[in-house]
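Engineer: Just dropping this structure here.
Each reported figure results from applying straightforward, stated rules to the coordinates on display, with no laboratory input. Bear in mind that the values here come from a model prediction, so they are computed numbers and not experimental data. Cβ atoms come from the backbone with ideal geometry, glycine included; neighbour counts cover every protein chain shown.
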Amino acid sequence: MAILYGIALADTKINLMKVIVLHASALHLGFLGCYGNSWISTPTLDRLASEGVVFDQHFADDVGHRTCWTGQYRRTSSAAGPPLADLLHAAGCRFVHVDGNGLKASDDATPLEQTLDAAVSAIEELIDHARWLCWIDLPALQPPWQVSHEFTDPYLASESDEDEEDDEPFDPWPNPHIGPLDADDLVLWERLRCTYAGAVTYLDAGLGLLLEEMKQQKVLDDVTLIFTADRGLALGEHGIVGDCRPWLHDEVVHVPLIVRQPGGTNAGRRVFALTQPVDVAASLLEMCGATPPPLDGRSWLPMLAGNEDTLRQHCISTWSVAGWEEWALRTTDCALLLPIKQPRDLPQRQVQFYLKPEDRWEANNVIQHHLDLAEQMEATLRGLLRT
C-alpha cells in the first residue's frame, strides 16, 4: 500500500480536546481479534485495544442512520437537534469530516488508500489548533470487496487439506449474492467468510500505516483516538448475506468501540456496560468542551477510568429494509427481536428471544421457555418506540 509517505505532521503538546474518530461500516465484530476471533489477522486493532479501553457491549441503535452525530434516537425524538458539527463549531471546536465512501479506485490508489492520505492531510492542517475533532469515515466493508490476493490468499489457502495433493485452495468470492445463502453449501460459506476476512485484514493494514505515520511524527500520543462502527454485516449466520432482511442479530448490531487516550491512559480496561452510537455524540461533545442540548445518549467518559459501571439498562435497535421492519431490545442477560412489518406473501418470521451471553451468535430461539419475560420486554420496546 503506497500511502502516507513523505507527509510530515507538526509536533504538538498533549491536548485532550484533540480527537480522531475512525468510523467503519459493515464491520463484523466477530472478525476482530480483540473481540475474540482467533484466526483472522488484525494486529493494528488488537494493539489499539491493548493500549486503550474496549467497550464490549456496544450495539447499533438505528441501522442505516447516523445517530452518533445527533445523540438522538430517530423514533423517540420529536425533532432532531443540531448535528454534531454545528454543536462543536458553536463551542469553538473545529470539525473536519473525511469521507471514504463513494470513492473509486484509481490507477494509483484504492479507496482506502485515498481515504487515509486525505486523513493525514486533514490532521496536518488541524494539529496546530487548540480544539478539534477529525471524523474519518473509512470505506464501508459491504460487498463487493476489492482486495488483492495478498490479503485473501492466507485464508483461502489454509482451507485446503495439505495431506491430499489434489486439493486446491478456494477461490475468493468478492461479489456474493445479497440474499439467502444455502446453509448446506459449506464451501460457499467458507469462501464468503475467508474473502471477508481478507477485507478486514486489508483495512487493519491500512490503519496500521496511518497510526505508524502518526507515531513517527509524534502525533499519536497527543490525541484521543476512537475506533468504532455503525453496524455489522450478515455473512450467512442466519441464512442470509447482506441487507436483504432487517434481522437485528448480533452480527449486524454488535459493533466495536475502542478508545485510546493520550499516552495510553487506562490501557487494557474493558467496559461491559451497554452503550450505543447515541452515546458517542454525548461523549464527543463533553470531550471537546461543548454543552450538549437534551440528548438520548449519555457520555461514557467516566467509564474510561472506571468511575461508572452502568450507562443504560437496555439497548434498542431498529432497521427497515424494502418493506420489512424489525425492532430489538437487549439487556446484558437476553435479547428480544420483534418483527414489525413483513410482506404477507412471504414466510413470516416469528418473535425471537435469546439468552445472553451464552448464546453469543443467537442460534437458539428459546422464547417458548421465557414467554412472560419476552412479553414484558416487548411491551417495554413498543412503549419506547411509540412515544
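Engineer: Mind listing the lone cysteines of the chain, meaning no other Cys beta-carbon sits under 4.7 Å from theirs?
Structural biologist: So, CYS34, CYS68, CYS134, CYS194, CYS244, CYS315, CYS334.
Engineer: At what distance in nm do the modelled label points of VAL351 and ALA157 sit from each other, each positioned 7 Å from its Cα along Cα→Cβ?
Structural biologist: So the two model labels end up 5.2 nm from each other.
Engineer: Considering amide H positions built from the backbone, and no H for Pro or chain starts, which residues 5 or more places from LEU257, or on another chain, come under 5 Å of its amide H?
Structural biologist: Residues meeting the amide H criterion: PHE55.
Engineer: Shifting gears a bit: What are the ³J(HN,Hα) values, in whole Hz, obtained from phi via the Karplus relation 6.51 cos²θ - 1.76 cosθ + 1.60 with θ = phi - 60°, for each residue of the stretch 88-105 in sequence order, with x given for Gly and Pro?
Structural biologist: 5, 4, 5, 8, x, 10, 5, 10, 10, 10, 9, 10, x, 7, x, 6, 10, 5
Engineer: Moving to a separate point now. 5 Å is the cut-off here: which amide hydrogens, built 1.01 Å from N in the peptide plane, fall below it relative to GLY71, excluding neighbours closer than 5 in sequence?
Structural biologist: So GLY71 has HN proximity to ALA281.
Engineer: Moving to a separate point now. Say each of GLU325 and CYS244 gets a label point 7 Å from the Cα, pointing the same way as Cα to Cβ; how far apart are those two points in nm?
Structural biologist: 2.3 nm
Engineer: Now a separate question. What ranking do 276-289, 358-371 get when scored by the average of other Cβ atoms within 10 Å per residue, highest first? Each step should come with its number before you reach the end.
Structural biologist: Values: 276-289: 24.0, 358-371: 13.0.
The peptides rank, most packed first, as 276-289, 358-371.
Engineer: Rounded to the nearest 0.05, what FRET efficiency do ASP309 and ASP171 give with R0 = 35 Å and r taken as the Cβ-Cβ distance? Could you check? Walk me through the intermediate numbers first.
Structural biologist: Details: r = 48 Å, r/R0 = 1.36.
E(calc), rounded to 0.05, equals 0.15.
Engineer: A further question follows. For the stretch 337-349, what does the Karplus curve 6.51 cos²θ - 1.76 cosθ + 1.60, with θ = phi - 60°, yield as ³J(HN,Hα) per residue in whole Hz, taken in order and with x for Gly and Pro?
Structural biologist: Those phi angles translate into 10, 10, x, 10, 10, 8, x, 5, 8, 10, x, 8, 7 Hz.
Engineer: Additional query: How large is ³J(HN,Hα), in whole Hz, for each residue of the stretch 272-281 in order, when computed from phi with the Karplus curve 6.51 cos²θ - 1.76 cosθ + 1.60 and θ = phi - 60°, using x for Gly and Pro?
Structural biologist: With the stated coefficients, the stretch 272-281 comes to 9, 6, 6, 9, 9, x, 4, 6, 4, 4 Hz.
Engineer: How far apart, in nm, are two points set 7 Å out from the Cα along the Cα-to-Cβ line at VAL366 and at ASP182?
Structural biologist: For VAL366 paired with ASP182, the spin-label model returns 3.4 nm.
Engineer: Here's a follow-up. Just rank CYS194, CYS134, fewest to most, by other beta-carbon atoms within 10 angstrom.
Structural biologist: Values: CYS194 24, CYS134 21.
So the residues, fewest neighbours to most, are CYS134, CYS194.
Engineer: Can you work out the FRET efficiency for the pair ARG270 and LYS215, with r the C-beta to C-beta distance and R0 = 30 Å, to the nearest 0.05?
Structural biologist: 0.80
Engineer: Can you tell me which of 301-312, 218-229 comes out highest on packing, and rank the rest after it, using the mean Cβ neighbours within 10 Å?
Structural biologist: Listed from highest to lowest mean packing, they are 218-229, 301-312.
Engineer: Could you calculate the contour length gain from LYS104 to ARG344, that is, 0.36 nm times the residue separation minus the distance between their Cα atoms, to one decimal place in nm?
Structural biologist: 82.5 nm
Engineer: Another question, then. Based on other C-beta atoms within 10 Å, arrange THR44, THR275 from fewest to most. Please report the intermediate quantities before stating the final value.
Structural biologist: Working: THR44 20, THR275 25.
By the 10 Å Cβ count, ascending: THR44, THR275.
Engineer: Something else now. Counting only DSSP beta bridges with both residues in the chain, what percent are antiparallel, rounded to the nearest 5? Mind showing how you got there, number by number?
Structural biologist: Numbers: 27 of 50 bridges.
So the antiparallel bridges in the chain amount to around 55 percent.
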